[in-house]
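First comes the structure, then the notes that go with it.
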């Protein structure tokens, strides 16, 4: 192999390596974007329910059941792909996920289970009446807050 051929081969290998790194970073960026969108959908639906619970929005059983059902549907989706290594705060722009999220798996899963249980109760209660919604929304907020306090950096 001539010197020029070696140089060309090395340049091609380097370009492929950079392209691979760019694809990997693109996948991490996409995961962060997806998890933020998922959280925004939670927030949108919780905003409807919270507004009703506080009396800021007129209680509507159908709308409450729909919003709680949306939250339950979102909670049933696998989020495993949203949290790749390398997507913590400081590793990728826009991430507020703390590195502890990747090292405390048992606690994260316990918090996720508490959230799922609270969301299931909310979905059962929200369309019943305002008092039932008011009683069921607090545990959802507590479950959200427990995870965010432990694993999300402040803004």
Take the conditions out of contact with any helix residue (DSSP H, G or I) (no Cβ under 6 Å at 6 or more places or on another chain) and in contact (Cβ under 8 Å) with a residue 40 or more places away in the chain and apply them to residue 98. Does it pass? no
Would you call residue 80 modelled with pLDDT of 95 or more and either over 24 Å from residue 68 (Cβ atoms) or out of contact with any strand residue (DSSP E or B) (no Cβ under 7 Å at 6 or more places or on another chain) (or both)? no
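For the range 74-84, which positions are assigned to a helix (DSSP H, G or I) and touching a helix residue (DSSP H, G or I) at 6+ places or on another chain (Cβ under 9 Å)? Walk me through it before giving the result.
First, the residues of the range 74-84 that are assigned to a helix (DSSP H, G or I): 74-76, 80-82.
74, 75, 76, 81, 82 - these are the residues of the range 74-84 that are assigned to a helix (DSSP H, G or I) and touching a helix residue (DSSP H, G or I) at 6+ places or on another chain (Cβ under 9 Å).
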Take the range 37-57 and flag every residue that is surrounded by 15 or more Cβ atoms within 10 Å (Cβ to Cβ) and without any contact (Cβ under 8 Å) to a residue 12 or more places away in the chain. 39, 57
Among the candidates 31, 37, residue that is touching a helix residue (DSSP H, G or I) at 6+ places or on another chain (Cβ under 9 Å) and either part of a helix (DSSP H, G or I) or under 24 Å from residue 132 (Cβ atoms) (or both): 31
From the residues in the range 85-95 that are at positive phi and touching a helix residue (DSSP H, G or I) at 6+ places or on another chain (Cβ under 7 Å), which one is modelled with the highest pLDDT? 86
Scanning the range 137-149 for residues that are in contact with a helix residue (DSSP H, G or I) (Cβ under 6 Å, 6 or more places away or on another chain) and either touching a residue at least 60 places away in the same chain (Cβ under 8 Å) or surrounded by fewer than 17 Cβ atoms within 10 Å (Cβ to Cβ) (or both), which turns out nearest to residue 77 (Cα to Cα)? 140
Filtering the range 85-131 down to residues that are part of a loop (DSSP other than H, G, I, E, B) and surrounded by fewer than 18 Cβ atoms within 10 Å (Cβ to Cβ) yields 85, 86, 90, 91, 93, 94, 96, 98, 103, 104, 128, 129
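The values are calculated or read from the model by the stated rules, or taken from the named source; none is laboratory data. This one's a predicted model, so the numbers in the text were calculated from it and none came from an experiment. With ideal geometry, Cβ positions are generated from the backbone for all residues, glycine too; neighbour counts draw on all protein chains shown.
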